[in-house]
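Peer 1: Below you will find the structure I want to go over with you.
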Amino acid sequence: MRVRKILGFAVLALALLAGAYSVWWWQAAAAVERGVLAWMDEQRAAGAVVAHGGLSVGGYPFTIRAALEAPHLATRDVEWRGAQLVAEAPPWNHTRIALSLPGEQRVTVVQPSQPPFTLVARDGGQGHVGLTLTGQPVEARLAFTNLVAQPDALPVPIAALDLTATQPAAPPASHSDTGLSVTLEARGATLPDGAPDSLGREVQRLLLTARILGQPPKPEPVSLSAWSRDGGTLQIDGLNVDWGPLKLAMNGTLALDSALQPQAALTAEVRGYQAVLDALQGMFRPKELAMARTMLGLLARPTGPNGEPVLTAPVTVQNRGLFLGPLKVAALPAVVW
């Protein structure tokens, strides 16, 4: 009889615990749904377009999973459309949320007087978001494969794209403190026909690591102007490009001028710069190109076991022009915020 009573109490206790856990899970799931809907309302109040084909919350008993069908988010300059977005985490640990973006994901960036730029991830992607115990986002990582970039309607396949963003739990105290760190890596980009023969059609790797110093501004004139006046800058810790014989490593600082146009002071280390000059034939007069070869050749120094010449030169952005040393290599379009 005593054993039966003990077993009975144990079963009752387990039933009560299971019931209490179930109530807690459903309350937590309802809080997640309310939080998602409240975030959407906040974005709409800020002027963004937010739409979807349905929101569901499930995963009982060991996961809370929120699935958003056909998500659509659009601001003045950027639009995202996806087949689905799924976020899930164990109910007892909300500091790391796994993200899944199955199906096609499409991002379009539009600048006035410029053709739209569209990036399509055909196979979707995945990643995660890291939060503090109070719910402050401090990290986001996304990884995509089988992408297509479409500048000027010319498709550029990209094998893989990884994006990481981190920010401190507390806002930066001054313009010299990091407010946001970003790493972007693209691998295996195949350029359309007509790419320079001296460089080849495949850009093997592009890696950008950068930090926004000061409180990150909103992409609008008033916020950007205030950030710039307060001394905010974008620190380029590394910009690396591997494109055939061209190996580029660059770092420096980017800021905004009084017209909110980019200006930069960078240092570049270039290997294979002769191939770049070969690619510029036809864009410059023969005398200008010959002078550039002579001047850049004087700046280059042999290094490495095979004595490969390496050019270390300043790179500047000013007056909507991109300069490598004394040579203007490109005219830049105006940025409209």
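Coordinate-derived values only; no laboratory data. As the structure is a computational prediction, the values presented were derived from the model and not from experiment. When we count neighbours, we look across all protein chains shown, and the Cβ atoms used for this are built from the backbone with ideal geometry, even at glycine.
Peer 1: Obtain the radius of gyration and the Kirkwood radius of segment 179-337 from its C-alpha atoms and give Rg over Rh.
Peer 2: Values: Rg = 17.3 Å, Rh = 17.3 Å.
For segment 179-337, the value is 1.00.
Peer 1: Among all the aspartates and glutamates, which ones have a C-alpha under 18 Å from residue 218's C-alpha, if same-chain residues fewer than 8 places away are not counted?
Peer 2: Straight-distance partners of residue 218: 42, 77, 79, 177, 230, 257.
Peer 1: Continuing with the same structure: Applying 1/(1 + (r/R0)^6) with R0 = 41 Å to the Cβ-Cβ distance of residue 81 and residue 10, what FRET efficiency is obtained, to the nearest 0.05? Spell out each step's value before the answer.
Peer 2: Details: r = 53 Å, r/R0 = 1.29.
Efficiency, rounded to the nearest 0.05: 0.20.
Peer 1: Right, another one. Modelling each spin label as a point 7 Å along the Cα-to-Cβ direction, I'd like the residue 318/residue 41 distance in nm, to one decimal.
Peer 2: 5.2
Peer 1: Can you give me the Cα centroid spacing of segment 70-143 and segment 236-290 in angstrom?
Peer 2: For segment 70-143 versus segment 236-290, the Cα centre distance is 31 Å.
Peer 1: Still on this structure, please answer the following. List the aspartates and glutamates whose Cα sits under 12 Å from the Cα of residue 328, skipping any in the same chain fewer than 8 residues away.
Peer 2: 288
Peer 1: Taking a quarter of the surface of the Cα convex hull of segment 1-63, what do you get in nm²?
Peer 2: Values: hull surface 20.7 nm².
Orientation-averaged projected area of the Cα hull: 5.2 nm².
Peer 1: Something else about it: Compute and list, largest first, the equivalent-ellipsoid semi-axes of segment 1-166 from the alpha carbon gyration tensor, each √(5λ) rounded to a whole angstrom.
Peer 2: Details: eigenvalues 360, 59, 35 Å².
Its equivalent ellipsoid spans semi-axes of 42, 17, 13 Å.
Peer 1: What Rg and what Dmax come out for the chain when only alpha-carbon atoms are used, in angstroms?
Peer 2: Values for the chain (Cα only, Rg and Dmax): 25.9, 106 Å.
Peer 1: Could I ask something else about it? Anyone know which of 127, 35, 82 comes out most mobile in the 10 Å Cα GNM of the chain?
Peer 2: Ranking 127, 35, 82 by mean-square fluctuation puts 35 first.
Peer 1: Also: Under a cut-off of 17 Å between alpha-carbon atoms, report the aspartates and glutamates in cross-link reach of residue 247, not counting same-chain residues fewer than 8 places apart.
Peer 2: Excluding near neighbours in sequence, the set is 185, 197, 202, 237, 269, 278, 308.
Peer 1: Let me ask something else. Taking the mean number of other Cβ atoms within 10 Å as a proxy for protection, how do you rank 260-273, 108-121 from highest to lowest?
Peer 2: Values: 260-273: 17.5, 108-121: 14.6.
Descending mean neighbour count gives 260-273, 108-121.
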